[in-house]
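The values are calculated or read from the model by the stated rules, or taken from the named source; none is laboratory data. Please read these numbers as outputs of a predicted model, since none were measured by experiment. Quick reminder, even Gly has a Cβ in these numbers, built from the backbone with ideal geometry, and neighbours come from all protein chains shown. In case anyone asks, the SASA skips ligands and DNA or RNA and just uses the protein heavy atoms, side chains included. Shrake-Rupley method; radii C 1.70, N 1.55, O 1.52, S 1.80 Å.
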Amino acid sequence: MALKGCLVGCGYFAQFQVEAWKRMSPQVELAGLCDVDPAKAARFGTGNVYTDLETMLDREKPDFLDIVTRPEHHQSMARMAADRGIHILCQKPFAETIGEAREIIESCRNVRLMVNENFRWQAWYRETKRLLQDGAIGEPFTFHWQHRANDGLLDPPYPEQPYFIHYPRFLIYEVLVHHLDTSRFLFGEPRELSCMTARVNPKMAGEDLAFITLRYHDGFAGIIDANRCAPTDNNGRAMGNFRIDGHDGTLWMTDEGCITLEPRNGSRKIHHWHIPVQGYRGDACYGTQKHFAESLISGQEFETSGDDYLRTMTLVDLAYTSAREGKTLPVLYGSAS
C-alpha cells in the first residue's frame, strides 16, 4: 500500500523531513508542499507548491498531512486535516499548553495523530534501549545526561532559529522536552521530578540553563543537565552525552553516538554497531517517519500518539512548576492543566 502525503511549513527543519520522505518513495509520495513563501516550498523540487493549506488538502486529498510549522499554528491546521479525514504527523512543540494539546487530540479522534518527537528515534538511543533490554549493564540505578551548545551567546543568539530569544519558556519547552520524552522511552515513567532553571544570556525571555532530577522506583534516579551557553568537547550529532550506571556495569555515549560498555569488574570496551551517517542526527527523521507510515498501514499504535505525548508535556509543565516553587513534585499524569 502506497501513501500519499502533503507537508505544510517549509522553514529550517522541513529540509530534514522532506529528505526522509523522498527516501521512502515509492511507498510514500509527497504530493504537495505548502508555505506562505512559495519559494521555500519550491526549493525541494518535489510535489505541487501551494500557499494555502485548505486549497492543497482539497486538491490533493492526501492520506496524511505532515505539519512542520511553529506550535501556534498546530491547532487550526490539525483540525483542518481532521475535518477532511486526513491523518496527521505534527511537529513538536506539539502545543503551547496542555489544555491546547488536549483540544487538538479531541478534534482529531476520527483520524490517526502522532507527534513528531524524533529524538527517541536517534539511532544511538534505539541501540541503548536494546542494550538495556538485553541486560548489558544490569538494572540501572542512575544516569547523567548532559546537553551543551554554544549558540546561546552568539550575537544574535540562535541564528538558525532566532525566534527562540522571544520564547518565555525556552530550554525545557523547546529542547529538553526531547530528553524528557526519551527518558520515558529508555527508563519508563518517573515518580518524582525536581528542577532548577536560570537565564545566562540576559537577552533571552526564557531560561537557557536547567537541571532536572527524575526519581523512579527503588532509589533509581537521573539528572538532565543542560545549557545553551557553553562549548562542548565535541558538539556532535547526538547533541549531548550520557552515562548510565547499572548493577552489572556502566554504559557511556559520546556526542557522536559512540557507545562504550564497562562490565562490573571488567575492562571498558567500545560497543561496535552501525552508526548511521545519512539523514538528520542518527537518521532520526527517517526512523520517525517510517514508524508513522508503517503504523498507518498496519494499524499499530504510534509510540508518540497524542494521548501518550500528554505525559511528556506533563513532565515539561512539572519542571517549570518545580523551578518556580522550589519543590520536588510527584508525577501525576492527567493532573496538569
H271 long-range amide H proximity, modeled H, under 5 Å: I259, T260, L261
With DNA, RNA and ligands ignored, accessible area of W121 (1.4 Å probe; Å², nearest 10): 40
Near-label residues of region 1-35 by backbone N, under 18 Å of a point 7 Å along Cα→Cβ of Q161: 8-20
Pairs beyond 30 Å (Cα-Cα), from K61/K92; K269/K290; K4/K129; K22/K203: K269/K290; K4/K129; K22/K203
Computed over the chain: relative contact order in percent, which uses C-alpha pairs under 8 Å that are six or more apart: 18
Angle between the chain longest axis and helix 14-23 axis [Cα atoms, degrees, rounded to 10]: 80
Label-to-label distance, nm, for residues given as Q27 and N201 (7 Å Cα→Cβ offset): 3.9
Region 68-89 and region 132-151: distance between their alpha carbon centers, rounded to Å: 34
Per residue accessible area in Å² of the chain, where ligands, DNA and RNA are left out and the probe is 1.4 Å: 43
Dipole moment magnitude, nearest 20 debye, the chain about Cα centre, only Lys, Arg, Asp, Glu C-beta charged: 340
Principal axis dimensions, largest first and in whole angstrom, of region 186-246 by Cα: 41, 26, 13
Of Y167, F143, I104, farthest towards positive along the dipole that unit charges on Lys, Arg, Asp, Glu beta carbons give region 75-169: I104
Folded to 0 to 90 degrees: helix 306-325 orientation relative to the chain principal axis, Cα: 50
Among N118, S322, G47 - extreme Cα towards positive end, dipole of the chain, charges at beta-carbon: N118
Under-5 Å amide H pairs with D151, H placed in peptide plane, nonlocal only: none
Prolate/oblate/rounded label for region 241-337 (Cα gyration tensor, a/c 1.5): oblate
Calculated FRET value between K129 and R43, using beta carbons and R₀ = 35 Å, to 0.05: 0.45
